[in-house]
Amino acid sequence: MNHKVAFSFADGKTLFFPVGTHEILLDAALRNGIKIPLDCREGVCGTCQGRCESGDYSQDYVDEEALSSLDLQQRKMLSCQTRVKSDATFYFDFDSSLCNAPGPVQVKGTVSAVEKVSASTAILRVQLDQALDFLPGQYARLSVPGTDSWRSYSFANLPGNHLQFLVRLLPDGVMSNYLRERCQVGDELLMEAPLGAFYLRHVTQPLVLVAGGTGLSALLGMLDELAAKGCNQPVHLYYGVRGAEDLCEAARIRAYASKIADFRYTEVLSAPSDDWPGKRGYLTEHFDLAELRGRSADMYLCGPPPMVESVQQWLANQALDGVQLYYEKFTQSNI
């Protein structure tokens, strides 16, 4: 039986390949054309080290000078000594170019639907002939039909052959105008994927998910994964937009409560109308300090740069050393 393994690199590229049940990880990578840097192949030099982000594995031998006990606790591993016991994801802190790795795959899909889900957001649904592998949280670059432009959007669902993307509708954006004026079911779309080093890691502690605007897209993919595979840790989603008319996917978000045992949801409006009954202001004003202070947690943050930077500063000001932050800044195109 083969296991599906993903290698993710510092330049945001991810490669998927099969690994046999008793096969050494490095051997499987080389067999699939992924030339991880290596030297001794005996668990001593540490050249082929990475970190297991999700999945089960074992190591035949690791010299204590290659990986310390703390390294092992942090799930660092040597590719030449690792055998996977399940589907797994490994991260390597160097560019994929060092491995002579191929670039992201270009695939063709067709538009299956476009649905406006708020005043400022649409869901673009794309059908592929074959399933596409990616990690929940990653993104694709989509070619805008009829133009030379490309735009990047996070996957808003699980891997497969039916994809979803949340698209911010701009007054005069290239993709926005296409979706409003010319898009037809059956239109062909070219995309480049998967991309990005922002993805859901192995869950061992409480999760705090923070989305600004269409940054929600990446977190919906993560929540779909947690709902499908189960999660025994608390999950708290914070979602910030300007006005109530910008909120989207409310029913989908509420449904996670029936699939994730300890799920909480907080929405915050930065410019609400006077009759808005909920929370207002900025997301950092409504973070639950009790769930963060004095304990470990993983925070996944996706949104525009000012929001990401404000959350980073808030975490530094609160001295929340136990919070491990993973984030994706996206620059929203104005055209």
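What number comes out for the charge environment of L170, summing +1 per Lys or Arg and -1 per Asp or Glu over other residues with Cβ under 15 Å away? Each step should come with its number before you reach the end.
Values: positive: K116, R151, R168, R180, R242; negative: D172, E181, D246.
Residues near L170 contribute +2 overall.
Can you grab the distance from the C-alpha centre of the stretch 32-70 to the C-alpha centre of the stretch 211-282, Å, no decimals?
If we compute the Cα centre of each part, the gap is 38 Å.
Among (i) 18.2; (ii) 15.7; (iii) 16.9, find the value of mean projected area of the Cα convex hull in nm² that was calculated from the structure presented, and write down its label.
Label (i) holds the value from this structure.
For n ≥ 4 DSSP H runs only, could you compute -39500 (n - 2.57) per run for the chain, divide by its residues and tell me the 222 nm figure to the nearest 500?
-4000 deg cm²/dmol
Through the Karplus equation 6.51 cos²θ - 1.76 cosθ + 1.60, θ set to phi - 60°, convert the phi angles of the stretch 230-239 into ³J(HN,Hα) values in whole Hz; use x for Gly and Pro.
Residue by residue, the stretch 230-239 yields x, 8, 9, 10, x, 10, 10, 9, 10, 9 Hz.
Convert each backbone phi in the stretch 75-91 into a coupling constant with the Karplus relation 6.51 cos²θ - 1.76 cosθ + 1.60 (shift: θ = phi - 60°), then list the ³J(HN,Hα) values in order as whole Hz, x for Gly and Pro.
Along the stretch 75-91, the couplings run 6, 6, 8, 10, 4, 6, 10, 9, 10, 8, 10, 7, 4, 8, 10, 10, 10 Hz.
For the chain, what proportion of DSSP beta bridges, expressed in % and rounded to the nearest 5, is antiparallel?
Numbers: 49 of 81 bridges.
That works out to approximately 60 percent antiparallel.
What is the sum of charges around C40, taking Lys and Arg as +1, Asp and Glu as -1, for the other residues whose C-beta is under 12 Å from the C-beta of C40?
Values: positive: R41; negative: D39, E42, D63, E65.
Residues near C40 contribute -3 overall.
Starting from 0.36 nm per residue, how many nanometres of slack lie between Y326 and Q74 once their C-alpha separation is accounted for? Mind dumping the intermediate values first?
Numbers: separation 252, 0.36 × 252 = 90.72 nm, distance 1.57 nm.
Taking Y326 through Q74 to full extension adds about 89.2 nm, to one decimal.
Shape verdict for the stretch 137-262, please, from the Cα gyration tensor: rounded (a/c under 1.5), prolate (a/b greater than b/c) or oblate.
It comes out prolate by the Cα gyration axes.
Identify unpaired cysteines across the chain, taking unpaired to mean no other cysteine Cβ lies under 4.7 Å from the residue's Cβ.
For the chain, the answer is C48, C52, C80, C99, C183, C231, C248, C302, because their Cβ atoms have no other cysteine Cβ under 4.7 Å.
So how do 184-191, 234-241 stack up, highest first, on mean other-Cβ count within 10 Å?
Numbers: 184-191: 14.5, 234-241: 22.6.
So the order, starting with the most tightly packed, is 234-241, 184-191.
Using a Gaussian network for the chain with springs between C-alpha atoms less than 10 Å apart, which of these wobbles most: S96, S68, S112?
Its mean-square fluctuation being the largest, the pick is S68.
Can you tell which of Y199, Y178, Y139 shows the greatest fluctuation in a Gaussian network model of the chain with Cα springs below 10 Å?
Y178
Calculate the all-directions average of the projected area of the stretch 207-329's alpha-carbon convex hull, and give it in nm². The partial results should precede the final answer.
Numbers: hull surface 29.3 nm².
It is 7.3 nm².
Can you pull the semi-axes for the stretch 2-99, root of five times each eigenvalue of the Cα gyration tensor, sorted largest first, whole Å?
Values: eigenvalues 64, 46, 34 Å².
Values for the stretch 2-99, descending: 18, 15, 13 Å.
What order do you get for S143, S154 when you list them from fewest to most C-beta neighbours inside 10 Å?
Values: S143 18, S154 28.
Fewest-to-most Cβ neighbours within 10 Å comes out as S143, S154.
Going by amide H atoms built from the backbone, whose H comes under 5 Å of the H on L169, apart from near neighbours?
T121, A122
Based only on other Cβ atoms within 10 Å, what is the fewest-to-most ordering of F16, F134? All intermediate terms of the calculation are to be shown ahead of the outcome.
Working: F16 19, F134 25.
With the sparsest Cβ surroundings first, the list reads F16, F134.
Output the Kirkwood hydrodynamic radius of the stretch 105-195, Cα pairs only, in Å rounded to one decimal.
On the way: mean 1/r = 0.0768 Å⁻¹.
It works out to 13.0 Å.
Would you list, by chain and number, the aspartates and glutamates whose Cα falls below 12 Å from the Cα of K279, excluding same-chain residues fewer than 8 positions away?
The qualifying aspartates and glutamates are E267.
Would you kindly derive the ³J(HN,Hα) couplings of the stretch 116-122 from the backbone phi angles with the Karplus curve 6.51 cos²θ - 1.76 cosθ + 1.60 (θ = phi - 60°), listing them in order in whole Hz, with x for Gly and Pro?
Karplus-based 3J(HN,Hα) across the stretch 116-122 equals 7, 10, 7, 4, 10, 9, 10 Hz.
Quick one: net charge of P136's neighbours, Cβ under 9 Å, K/R +1, D/E -1? Write out the running numbers ahead of the final one.
Working: positive: none; negative: D224, E225.
Local charge sum for P136: -2.
Quick one: of K35/K108; K108/K329; K13/K329; K108/K229, which pairs are farther than 22 Å apart, Cα to Cα?
Numbers: K35/K108 28 Å; K108/K329 26 Å; K13/K329 16 Å; K108/K229 29 Å.
Violating the 22 Å Cα-Cα cut-off are K35/K108; K108/K329; K108/K229.
Collect residues whose amide H, placed 1.01 Å from N in the peptide plane, falls under 5 Å from the amide H of V210; neighbours closer than 5 in sequence don't count.
Those lying under 5 Å, H to H, from V210 are Y238, Y300, L301, C302.
FYI, it's all coordinate maths here, none of it is from the lab. The model shown is predicted, which means the values in this text are computed figures rather than measured ones. No Cβ is skipped: glycine too gets one built from the backbone with ideal geometry, and neighbour counts run over all protein chains shown.
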